[in-house]
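Bear in mind that the values in this text are calculations on the coordinates, not laboratory data. This structure is a prediction, so every number in the text was calculated from the model and none was measured. With ideal geometry, Cβ positions are generated from the backbone for all residues, glycine too; neighbour counts draw on all protein chains shown.
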Ligand code: HEC
Ligand code: HEC
């Protein structure tokens, strides 16, 4: 019995009771286009046992390394990419994600549960190790992700899900380096080591098996979300697709930890 069931159990019970003594409901499920992006604030989580699990899940999203030092092999938190614990619309938000999973994933050729997906980010994006499926922490992740998916009907693919990808062929690394020095280095460090913003390459960044290590993913993320604040004359969202492609290709031309495969951990990069 998953946490989503726990959250929805009141509604489900009510629906069962209703249908037991009246005609079956005929209303259509909400269509994806009528949904609004409006995740509940973490401050409105209750103080009971479920609310505490939700709050722990939020903390795990934002302080991942501090809370799970043995499972995180770099300096990132989930919020390094899923900004504000997955509640910022244009920064890999996770709103509605509990309604999407389980689903079929082509990369693994298998049905993937939300727990599997979280653990894939642990092994790849966090360059670390999976957390046990029956742990307090995994339950807290599920409770939190269900909480920010409130109101999104099961099986819906929210319209705000996923990255807006574009053609990234033939990047120009020299142009990318210029953009990096001008609009990224102040926050991410001249050597990509991180500072105000998280590490973009080197031992403290995500490994080469991560979604963000894929040029079309990073370029789409950077186009929508970076620079995080106006920097070097560039406002957030102002980079062209070509500029986002070039600067992302420059970032990805540097060494990063190597993904050895599921369950195998990872190695630090060979050179800086
Ligand atoms: C280095 C960046 C990065 C970090 C750090 C990261 N993720 Fe992800 N995550 C991604 C990318 C990229 C995707 C794929 C998005 C896509 O395909 O549109 C993703 C996908 C996901 C998905 C599935 C989303 C979907 O639409 O199917 C979940 C759930 C998720 N991450 C949870 C987490 C959790 C929990 C953590 C922390 C333990 C984490 N991620 C850390 C980059 C990251
Ligand atoms: C004002 C500071 C700032 C600037 C400038 C900035 N970033 Fe970021 N960046 C952040 C922060 C903070 C995050 C963490 C996510 C969040 O909170 O939005 C982030 C996250 C990222 C991530 C995902 C996390 C990771 O470690 O890979 C990438 C990729 C990224 N930035 C690339 C860039 C690029 C490329 C530029 C230049 C075009 C840039 N950023 C400019 C602050 C900045």
> Over the chain, what is the mean sequence separation of C-alpha contacts under 8 Å (at least six apart), divided by residue count, expressed as relative contact order in percent?
Replying inline: 19 percent
> Going by the alpha-carbon gyration tensor, a ≥ b ≥ c the square roots of its eigenvalues, is region 46-161 rounded (a/c under 1.5) or, if a/c is not under 1.5, prolate (a/b greater than b/c) versus oblate?
Replying inline: rounded
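Taking other Cβ within 10 Å of each residue's Cβ, how do 138, 218 sort, fewest first?
On the way: 138 20, 218 26.
Fewest-to-most Cβ neighbours within 10 Å comes out as 138, 218.
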>> At 222 nm, what value in deg cm²/dmol follows for the chain if DSSP H runs of at least 4 each add -39500 (n - 2.57) and the sum is divided by all its residues, to the nearest 500?
In response: -11000 deg cm²/dmol
> Out of 146, 169, 125, any idea which swings most in a Gaussian network model of the chain, alpha carbons joined below 10 Å?
Replying inline: 169
> Which angle from 0 to 90°, rounded to the nearest 10, does the C-alpha axis of helix 114-123 make with the longest principal axis of the chain?
Replying inline: 20 degrees
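Just check region 149-272 against the gyration tensor rule for me: Cα atoms, a ≥ b ≥ c as the square roots of the eigenvalues, rounded for a/c under 1.5, and otherwise prolate or oblate depending on whether a/b exceeds b/c. Could the numbers behind the result be given before it?
Numbers: a/c = 1.69, a/b = 1.10, b/c = 1.54.
Here region 149-272 falls in the oblate category.
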> By counting other Cβ atoms within 10 Å of each Cβ, how are 121, 78 ranked from fewest to most?
Replying inline: 121, 78
>> For region 40-79, what are Rg and Dmax over the alpha carbons, in angstrom?
In response: 11.6, 33
> At a Förster radius of 45 Å, what calculated FRET efficiency corresponds to the Cβ-Cβ distance of residue 107 and residue 47, to the nearest 0.05?
Replying inline: 0.70
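Is region 67-131 best put as rounded, prolate or oblate by its Cα gyration tensor, with a ≥ b ≥ c the root eigenvalues, rounded for a/c under 1.5, and otherwise prolate when a/b is larger than b/c, oblate when not?
oblate
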> If one computes the Cα centroid of region 236-257 and of region 157-201, what distance in Å separates the two points?
Replying inline: 4 Å
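Would you mind ranking 89, 129 so that the residue whose beta carbon has the fewest other beta carbons within 10 Å leads the list?
Details: 89 13, 129 17.
The order, fewest Cβ neighbours first, is 89, 129.
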